Amino acid sequence: MKFGVVVFPGSNCDADMINALSKDLGYEVIELWHKDKDLGMFSTEDCIVLPGGFSYGDYLRCGAIARFSPMMQSVISFAGKGGKVLGVCNGFQILCEAGLLPGVLLRNENMKFICRNIFLKGDDGIVSKIPVAHGEGRFYADNATLDELENNGQVIYRYCDENGNITPEANPNGSLRNIAGISNAAGNVFGMMPHPERACNERLGNTDGKKIFHDLFVARKTELV
Amino acid sequence: METTVETAEKLGLRPDEFEMIKQILGRTPNFTELSAYSVMWSEHCSYKNSIKWLKTLPREGAKLLVKAGEENAGLADIGDGWGVVFKIESHNHPSAIEPFQGAATGVGGIHRDIFTMGARPIAALNSLRFGKLTEEKTQHLMNGIVHGIGHYGNCFGVPTVGGEIYFEDCYHTNPLVNAMSVGVVKAGQTVSATAEGKGNPVFIVGSATGKDGMGGAAFASADITESSVEDLPAVQVGDPFQEKKLLEACLELIPKGALVGMQDMGAAGIICSTAETSAKGGVGMRIDLDKVPMRQANMKAWELLLSESQERMLMIVKKGREKEVLEVFEKWDLPCSQIGEVTDGGMLQFYMHGALEAEVPAESLVLGGGAPVYEREYREPKYFAEIKKFDPASIPVPEDLKAVAEKIITIPNIASKRWIYTQYDSMVGTGNTSTNAPSDAQIVKVKGTKKGLAVTVDCNSRYVFADPFVGCMIAVSEAARNIVVSGGVPLGVTNCLNFGNPYDPEVYYQFVYAIKGMGEACKKFDTPVTGGNVSFYNQHPGGAVYPTPTIGMVGLLEDIDAKMTLDFKQAGDAIYLLGEVNDDINSSEYIHKLHEVEYSPVPHFDLEEEYRLQQTVSKLIGSKVIASAHDLSEGGLFVTLCESGFNNDLGFDAATSAKVRPDAFWFGESQSRVAVSVSADNITAFERIVKESGVPFMKVGEVTDSEMIVDGAVWGDIGDWKEKYDTAIEKYMQREEQYI
C-alpha cells in the first residue's frame, strides 16, 4: 500500500504527514500538486491524504475553494471507484465541502483556535492521545444524519477523557455527539480533526498516532475481509 | 512640489535634518525625496538615537557567520553544514491601535526577515506586555493581539513554541508585542540583502502595493496620544496565505542560483529595500514605479515608495535568468514584476511614466551611511531615591503562608498562560519536543540531524526598572539559564529594546545602563548580540513603560536526546536547591502584587555566581545525575516546585532550614538558583559534583505521590493547586474574580 499526499498552496501539515508516513511508518509516499490531475499511479488499495493547513487561505469557508481544484476532481473520482481517502483537519473540511463526507465543520464553540492534546476513542474502544489544532472543528449535521452515521458505524472517533469516557468536558470544540472523525457509508473515505501525524515519533514524546494509522489502514482492512 | 522646513517638520524631520538633506542633495528636496528621508531617518529605520550605544555590545563570536546588523537577522553555525537564523522585532505601536492586524503583521514581518536570508522558519516565540488584566482595555488588547498572532502564525504554519507575558500598569496604554522567529538553513543556501552588477534586473514579488501602512515607520517613532487612532491607515493588513506562498516560492528559487540578493519589504517598503540593498553593494538603481503591481488606482510616487503593504520582497536577479524567477512565481500564483535595474554610481532614481520623481544617493538614506547619529543626554532617574528608601522590615512576615501561596499561584504574571498559548498552533512542523516533555527553554528538532535548538525570550522589566544595569544582566542571565537548564549551550542573542521617549534624559539613562548591563552579561556567556530592534516612544502622556530590553536567545543541543526537562519524575526523588539562599524579597511578585510595593531594589544578583551555577548545572546534566531541573523566577521557590510537580501530578514535601524570613525563602526572587530532583542512586555522585563546584546547595525535601507538605503542614493535593494555576487567567478573562 502506498500513499499520495496532496499539497495545496496553503497546506502546512503536508511535510509532517509525508514525514510520518514515510519515515515513522515506512510507507511509500508520493507528493501530489493541487494543479495536477494524474492519479494513474494509484490503485484502490492505496490512499490519498488531504493534509492539514489552510488550502487556499480559507478566508471564505475552510475548504470551500479547495474542492474545486483540479486534483480534487481526480480525488473525488478515485474515491468513487473505492480508493481510500483520508482527510486530516483541513483535509476533513475539504472532504465535507466536496460532499465525500456528510456534515460540516463549524467554528469552535468558544470561537477560538485550539491547539492541545486531546483524547480520542476509536470505534474499537482504544483510547489515544492525539493533538488537535483548529479554529473550525465543530462537527455538525442534522439529527437524521447523525443517527444514520451512528447506525452505520460511520462514527470512527469521538473525543473522550483520559479513561475513555465520552463527556461534554472532554469535547474541545463543541462537536455534536463528541464526533472527532467519521467515514463514508462505503468505508473507504475517512475524515478526522485530530492530527495523528503529529504523534508518530519518539522524540515528540507521543506515538499514539501510529495506533490511528494502524487502525485506519491495517485493522480496518482485516475487518472488511 | 517645493518643500520647506515646515513640510519637513510635518513629516517628522527636525530643522537641522532638513538642512542636512539640502547639503547632501545640493538643492532643496522635492516632496517625494523628503518623504523618503523622513521614513529612512525615522528612529525605526535609522537607529539614530541608539546606534552609538548598540555598537558597544559584543557583536562577534566564533560561531557567528554574519556580523550584527549586516543582514536581516543573525546567522550562527550549528555544525554539520547547518546554520540557525534568528531575530526578534517589536510591533508595539500598531498593536496598540489595531491589536489584531498589528500583532499579525508583526509575526509576518519577523518570519520574512528569516526567510529572506534563505532559512526556513521552524519556531516562533513572542513576548507580550499588557496593563492590569481586569481592565476592559487590557482584555480587548489581549484578545486581539493573541488572536492576531495565532491567525498569522497558525496559517503560515510555523509553530509558536514559547514566550512570556507580563501584566503591569505601565503597559496599559502601550502594550508591547515582540515577535521572534528562528529558522534553519543549509550552508551555501543563504541569500544576502545586497544589490550588485550594473544591468541586473530588480523585481518586486508577492502582494500588490496599496496605501496601507503609509508611514508606519514614522508612526512608530512618536509617542502614543489620543489622536494616534487617527493614524489607523499607518497600520498594515496581513495575509498569511500570501506569505506562506512567498516563503515556499523563495525557498524553491534560491537553490537555482539565479539571485544576486533579496530583501524583504517591512518598514518603509520600496524605498527602504532599494536603499539598503544598493548602499550595501555600493550601487544605485533605476526604478520605474509605475511597473509596481498596485492594489488601487492613482497611487503617487511617494505613496509607492513608502507603502508598507505586507508580503512583498525585492529581488535582484542575475541578468539572463529572469525566466527561472518568473516560472517559480507563476507556479505559486504570485505577482512578480521587473521594476528596474541596478546602475552604477550609487544613485537611486525613481521614475513614474518616464518622468524622474526622485533622485537621491542610496548611501545617504541608510544607517551607517548618511543617516544622522545622535548622542542623547541622560541623567539618573529621580525615582531611584524612592527605591533606596525601601525597607523590607516594612513588609510583615506572613502568619498564614498557605494563604499567601494561594494568592501567588493565581497572579497573572505567574499563573499558567494556557488561555493564550492554546490559541497558537504549537505543534505544526512536528519539531517541538516541549509539548509532552516541558523544559525551561523550548527544544525544537533540527530535522535531518540529531541536533536540537533551545529557544527562549526573557525579560523581567520590573528588575530593569529597579536597576537598568543589573536588571538587564538578569534578563540575559535568565535566558542563558533557561537554555543551560534544558541541556543546551547558549549561542547568541537577539534583542528587542522597548523604551520610552529617548529625548527624556531619565528614559535615556535606563536605555544606556540596560545596554551596558546587557553587554557585560553577553560577554560573560559568550553570547554575542546578532541584531534585533529598538522601539522607543513606548510612552503616553502619563509616562513611559518599564524599560523592557527583551532578550531572545538561541542555544544548541548537539544531541537532542540529552535534553533536560523541568518536571519531577517519581515520588521519593530528593529535591535540592542550587544557589545561594538570601533574605531577599526585593522586586518580587510577592511584594509588588500582594503588598503593592512599586519601588524596591533589584533582587540579589552576581554575574560570577550566575556563571558558576550554569556551569555546574551543565555538568550535572552531562553526568546524567539529575532527573529534572527548573530555574527559580517569578514567585520564587514555591512556584518552581509547583511547576515541577504539575506535569506528572507529583507533589513535594519541602521545608526551610535557612535562616531567612519564610516569605523570602518561599517567594523571594533572589537570582541564580535552580531546583533539581535527584533519584536515590544518584545522590552521592550529585553531591560530589556540586561540592567540587563550590556552588552552595541544600536539600529542601522530596517528591511525593501528590500531597503537598510545606514546612510540615499539609497543603492539600498538587492537582488542586494545578487547577488554580491553570484556570486563573481564564477566570480573569471571564471576569469571575476580582484582581488581587
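Tabulated results
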read-out: Whole-percent carbon and sulfur share, accessible surface of the range B:41-103, 1.4 Å; value: 47 percent
read-out: Between B and A, accessible area buried - total, square angstrom, nearest 100, 1.4 angstrom probe; value: 2600 Å²
read-out: Inverse of mean 1/r across different Cα pairs in the range B:478-608, Kirkwood, Å; value: 17.6 Å
read-out: Cα principal axis extents for chain A, largest first, Å; value: 44, 37, 35
read-out: Label point distance in nm, B:H353-B:E380, each placed 7 Å from Cα along Cα→Cβ; value: 6.4 nm
read-out: About the Cα centre, charge dipole magnitude for the range B:60-365 (Lys/Arg +1, Asp/Glu -1 at Cβ), debye; value: 800 debye
read-out: Share antiparallel - DSSP beta bridges, the protein assembly as shown, percent rounded to 5; value: 75 percent
read-out: Potential extension, B:S679-B:V660 segment - 0.36 nm per residue separation minus Cα distance; value: 4.1 nm
read-out: Cβ neighbours within 10 Å from other chains - mean over B:152-158; value: 5
read-out: Per residue, in Å², the accessible surface of the range B:60-365 once ligands and nucleic acids are set aside, probe 1.4 Å; value: 30 Å²
read-out: Alpha-carbon centroid distance for the pair the range A:40-59 / the range B:604-670, whole angstrom; value: 49 Å
read-out: Sites A:D124 and B:Q189 - FRET efficiency at Förster radius 41 Å, r taken between beta-carbons, to 0.05; value: 0.35
read-out: 3J(HN,Hα) from dihedral phi, the range B:586-591, Karplus parametrisation 6.51/-1.76/1.60, rounded to Hz, x for glycine, proline; value: 4, 6, 7, 4, 4, 7
read-out: Alpha-carbon centroids, the range B:81-153 and the range B:544-581: separation in whole Å; value: 24 Å
read-out: Approximate spin-label separation A:Y59-A:E169, in nm, with each point projected 7 Å along Cα-to-Cβ; value: 4.2 nm
read-out: Near-label residues of the range B:462-486 by backbone N, under 20 Å of a point 7 Å along Cα→Cβ of B:K388; value: B:463-471
read-out: Rounded D (µm²/s) - chain B, Kirkwood Rh over Cα pairs, Stokes-Einstein at 10 °C, 1.306 mPa s; value: 60 µm²/s
read-out: Computed lengthening from B:Q296 to B:T134, 0.36 nm per intervening residue step minus Cα-Cα distance; value: 54.1 nm
read-out: Ranked packing of B:172-182, B:386-396, B:562-572, most packed first, by mean Cβ within 10 Å; value: B:172-182, B:562-572, B:386-396
read-out: Theoretical FRET efficiency, 1/(1+(r/R0)^6), r = Cβ-Cβ of A:E45 and A:F68, R0 35 Å, to 0.05; value: 0.80
read-out: Residues along the range A:96-114 losing 20 Å² or more of accessible surface when the other protein chains are present rather than the chain by itself (probe 1.4 Å); value: A:K112, A:F113
read-out: When each of B:K137/B:K402; B:K407/B:K659; B:K516/B:K624; A:K129/B:K137 is checked by Cα-Cα distance, pairs over 26 Å; value: B:K137/B:K402; B:K516/B:K624; A:K129/B:K137
read-out: Cα-only Debye scattering, the protein assembly as shown: base-10 log of I(q)/I(0) at q = 0.10 Å⁻¹; value: -1.19
read-out: Selection from B:V177, B:I270, B:P159, by position along the positive dipole direction of the range B:60-365 (Cβ); value: B:P159
read-out: Dipole magnitude of the protein assembly as shown about its Cα centre (Cβ charges: Lys, Arg +1; Asp, Glu -1), debye to nearest 20; value: 2140 debye
read-out: The range B:343-478: C-alpha gyration tensor shape, a/c 1.5 cut-off, then a/b vs b/c; value: oblate
read-out: Rounded to 5, percent antiparallel among DSSP beta bridges of the range B:60-365; value: 80 percent
read-out: Extension gain (nm, one decimal) between B:R418 and B:T56, 0.36 nm per residue minus Cα-Cα; value: 126.5 nm
read-out: Estimated 222 nm signal from helices in the protein assembly as shown, with DSSP H stretches of n ≥ 4 weighted -39500 (n - 2.57), rounded to 500; value: -9000 deg cm²/dmol
read-out: Largest-first ordering by accessible area, 1.4 Å probe, given options A:T44, B:T209; value: A:T44, B:T209
read-out: Amide H contacts under 5 Å for B:Y351, placed H, 5+ residues apart; value: B:I287, B:D288, B:L289, B:E357
read-out: Per-bin percent of Cα-Cα distances, the range B:60-365 [20 Å]; value: 34, 57, 9, 0
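The values are calculated or read from the model by the stated rules, or taken from the named source; none is laboratory data. Since we're looking at a predicted model, the values are computed, not measured. Don't worry about glycine lacking a Cβ; one is built from the backbone with ideal geometry, like all the others, and counts go over all protein chains shown. Note: accessible area is taken over every heavy atom of the protein model, side chains too, but ligands, DNA and RNA are not part of it. Shrake-Rupley method; radii C 1.70, N 1.55, O 1.52, S 1.80 Å.
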